[in-house]
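Contents: one structure, followed by commentary.
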Amino acid sequence: MLNSKADKENPTNASQTTKVAEIKSAESIGKVKPAKILVIDDEPEITDIIETFLEAAGYEVKSENSSMIGIERAKTFLPDLILLDIMMPFMDGYEICQELKKCEKTKNIPVVFLTGKDARSDDGRSYRVGGVLYIKKPFSCERLLDIVKVVLQTAKREPNS
């Protein structure tokens, strides 16, 4: 729609405006829903940064700083992806993941582990308990976003087991 003089002078801007309007229109009728992501990490600074960054990228994000509350939130929020710290008090990330994989509602949700642990000390445990990926801290938000996109795309293509 190139109706205004400004649109005629800058067709790229008009095209971008039209695309944004189409996306918002599709979202309003339910065709495009943002993926839901749950972040479980005992450090509020980390969950705040991740939540803010992923929301800015268009995802619906919830975060929890408690293992038990995180498990319950996963069962009610039903995210498309869980980002889970391994080193947590009371229950570590491995135990949280095992609990999530036992539950019918959450067993097929991909879990990406975030950790400051050395990869050698994990020795494949993150995969054995049901995780799909292991990301070493510190990491850039841009790298995390790339990983989130890949995991979500892969999850869409794989049938639920």
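Can you name the condition, by its number, that LYS149 falls short on among (1) in a loop (DSSP other than H, G, I, E, B); (2) under 12 Å from the mean Cα position of the chain (by Cα); (3) free of Cβ contacts under 8 Å to residues at least 24 places away in the same chain?
The single condition LYS149 does not satisfy is (1).
Filter the stretch 32-53 for residues that are buried (at least 20 other Cβ atoms within 10 Å of the Cβ) and touching a Cys at 6+ places or on another chain (Cβ under 8 Å) and give the result.
Passing the criteria: only ILE50.
Filter the stretch 60-79 down to the residues that are buried (at least 18 other Cβ atoms within 10 Å of the Cβ), out of contact with any Lys or Arg (no Cβ under 7 Å at 6 or more places or on another chain) and assigned to a loop (DSSP other than H, G, I, E, B) and list them by number.
Correct list: ASN65 only.
Filter the stretch 80-103 for residues that are of a type outside the set (S, T, N, Q) and assigned to a helix (DSSP H, G or I) and give the result.
Hits for the stretch 80-103 are GLY93, TYR94, GLU95, ILE96, CYS97, GLU99, LEU100, LYS101, LYS102.
Would you pick out the residues in the stretch 79-116 that are modelled with pLDDT under 95 and out of contact with any Phe, Trp or Tyr (no Cβ under 9 Å at 6 or more places or on another chain)?
Within the stretch 79-116, MET87, MET88, PRO89, PHE90, GLY116 meet the criteria.
The values are calculated or read from the model by the stated rules, or taken from the named source; none is laboratory data. Quick caveat, the model's predicted, so the values are computed rather than measured. Note that each Cβ is placed from the backbone with ideal geometry, even for glycine, and that neighbours are counted across all protein chains shown.
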